Every structure is written in C-alpha cells, then in structure tokens.
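The values are calculated or read from the model by the stated rules, or taken from the named source; none is laboratory data. Here the structure is a predicted model, which is why all the values come from computation and not from measurement. Every residue, glycine among them, receives a Cβ derived from its backbone with ideal geometry; neighbour counts consider all protein chains shown.
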Amino acid sequence: MSFRDLRHTGTMRRTVFVRAADDPRLADYARLTDVRLRTSVEAAHGLFIAEGTKVIVRAVAAGYPVRSVLLAESRAADLAGLAVPGWAPDAGQDGVPVYVVPDEVAEHLTGYRVHRGALASLCRRPLPPVATVVSAARRIVVLEDLVDHGNVGAIFRCAAAMGVDAVILSPRCADPLYRRAVKVSMGAVFAIPYARMTNWLGGLADLRAAGFRLLALTPDDTAVPITRARAGNRTALLLGTEGDGLSSRWLHEADEAVRIPMRPGARDAGVDSLNVVAAAAIACYVIELQGSRYAR
C-alpha cells in the first residue's frame, strides 16, 4: 500500500508528504551518519533519534516525548506498528507530525539507505545524578571511556538481559542515546536506569561510599578468576575502553581485579582477550549468579 492509498483511509490524518531533503521541517534527521555533527546538534536541541518501530514504541512507552516521525514512502505502512498506549501518531495526538518522503529523499537526507522502517525524533530528559540512580541498586555496570556507540548499546542490552540494575558512565563515555547505540541495544537503553559521572577522579570513591564492592574486569593473568570473585551485597563491575581497558587509576582503586579465564592455548591462537561486549555479557551473568547466591 502506498502513501497515497493510506492517505485516503482516514488513518493518517497527521501525515505530511515532503519532497525536498532540505525542507527545514526535516532538520532533525539531517546527516545521521555524521557523528561529530549529530553529537553537537542533538545535545544543543535536546533530541535523539530512534530507528525501527519496535525501538520507537519502547522509547515512547518509557516516557520520551516524540517530536516527529519520518517514514520513507515505501515503508509508510509501518506507521500502523507505532500504536502505543497514550500516543497515536495517526490521530495526531499532541500535534506530532509524521513526515513521509520519497525513498531517495530519505537516503539523501539521512546519509544512508533507510531500510529499517520508521525514524523518530524524541526529546531527551535530564539525566538524574549518579546517587539517585544507584540508591536502590544492588548490581551495576560502570563504563570507563567506551567511545564506540555500538559497544555501549550492546552492553546496555547485556546488562538489561542479565538483571543489572543500573549503568554508570564515565564523563567521556559515548552517548547511549546516539542512534547507533539505541539501535544496537534494541531499546534496552530505555529499560535500564543510567547516569553519567561528573567527576572521573572521585567517581569510584562515591560508589564505594554508597556501599558497592568494585570489581575491575581485566585480561591480566594475575587477576582473580571472576567465578571466584568476592561479590558483596552491592557489586559494581568496572569495564574499560575498547583498546586499552581500564585505566591504571581505576584498576588501583578497585577492591578486586577479576578476569574471565580462557582455555590453555588461546594466546597461541592469537586471542589474548575477549572484546568488551562479550566480556560484559559473561561477567554480568556471573555477577548475577553470585548476587543471587548472596541474597540467599
């Protein structure tokens, strides 16, 4: 069914057909693959982009207000999948516009072939302080200087799947609401509370003062196997940047350095460590089991 067919069904009263990529109404979606531009634009205007109907629905259900929706003409039928309680874009509630554009305009506007369906521009919400996010948490993940948005999104997905209560970001960590992070997480960034430290130097001390035992994940052979780590009632798992791992300062400040044991001969095969996402998934699972035992 084309946009023109849908327009006459009465189900798309708020749709607006736009033909030009430089139309100012589409500014939220311009050059989505330009990381530097998007980082500055989205911060300045307090917005972020969600891609795909499932992710958009999860964002709306989590309480993020919608600014607008963008659909390539060939995917106009995807609008039906955006029906969520409290918001119905086809009925124009809250004055939310739905822009439908030719496929070639969508590609020129965004910088890539939009093949995953709808895009939505949503309003950011102020981040709560770290102390608020961790106040009732028992198991948290703390990310130091991860700069790859895909890795950040994947770690949020692992954390949500493994029962982690919150994620804390160092000041220089990538933005969990950047489009790629949101997409890779499949909306998990909306499901798990998170906050960003304002002070890298004192951030771990604040967590320790809140009662967390700090476990630093490292590939160092001298570290304790994570299955033998001494978890506490409140545990913080520290994960470092993709290339260098945790900084020496954070390793020194941790209560215990832990590692994921690899089979003998792995280094001979050229594998000296797991990537940060695989390591996060395994470590979150082990910490969850240890937390369950502690609770009993």
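Is it the case that ALA159 is crowded, with 23+ Cβ neighbours inside 10 Å, under 24 Å from GLU42 (Cβ atoms) and touching a Gly at 6+ places or on another chain (Cβ under 6 Å)? So ALA159 fails the test.
Of the helices (runs of 4 or more DSSP H) lying entirely inside the stretch 102-182, the ones with 1 or more residues being without any contact (Cβ under 8 Å) to a residue 60 or more places away in the chain and of a type outside the set (Gly, Ala, Ser) are found at 103-110, 149-161. Within the stretch 193-208, track down each residue that is at pLDDT below 95 and either crowded, with 22+ Cβ neighbours inside 10 Å or aromatic (Phe, Trp, Tyr) (or both). Scanning the stretch 193-208 gives a single hit, TRP200. The set of residues from the stretch 174-227 being more than 21 Å from VAL277 (Cα to Cα) and polar (S, T, N, Q) comprises THR198, ASN199, THR222.
Just so you know, in the stretch 42-70 the residues that are over 11 Å from SER121 (Cβ atoms) and of a type in the set (A, V, I, L, M, F, W, C) include one that is surrounded by the most Cβ atoms within 10 Å (Cβ to Cβ), and it is VAL55. Each residue in the stretch 110-159 was checked for being over 12 Å from the mean Cα position of the chain (by Cα), among the charged types (D, E, K, R) and over 18 Å from THR218 (Cα atoms), and 6 of them qualify. Here LEU238 fits the description: out of contact with any Ser or Thr (no Cβ under 6 Å at 6 or more places or on another chain), modelled with pLDDT of 95 or more and under 20 Å from MET262 (Cα atoms). Report yes if some residue within the stretch 79-97 is touching a Phe, Trp or Tyr at 6+ places or on another chain (Cβ under 7 Å) and at pLDDT 90 or above; otherwise report no. The answer is no, given that none of the residues of the stretch 79-97 is touching a Phe, Trp or Tyr at 6+ places or on another chain (Cβ under 7 Å) and at pLDDT 90 or above.
Scanning the stretch 30-76 for residues that are among the polar types (S, T, N, Q), farther than 11 Å from LEU119 by Cα and either part of a strand (DSSP E or B) or in the same structural domain as ASP148 (by TED's automatic domain parsing) (or both) yields a total of 0. For the stretch 188-264, list the helices (runs of 4 or more DSSP H) that sit wholly inside it and hold at least 3 residues that are within 19 Å of THR132 (Cβ to Cβ) and among the hydrophobic types (A, V, I, L, M, F, W, C); which are they? Those helices (runs of 4 or more DSSP H) span 188-191, 203-209. With the structure loaded, tell me whether ALA27 is assigned to a helix (DSSP H, G or I), at pLDDT 95 or above, among the aliphatic types (A, V, I, L, M) and closer than 26 Å to LEU127 by Cα or whether it fails that test. Yes: the conditions hold for ALA27.
Within the stretch 110-143, the residues that satisfy the criterion of being surrounded by 15 or more Cβ atoms within 10 Å (Cβ to Cβ) and β-branched (Val, Ile, Thr) are THR110, VAL114, VAL130, VAL133, VAL134, ILE140, VAL141, VAL142.
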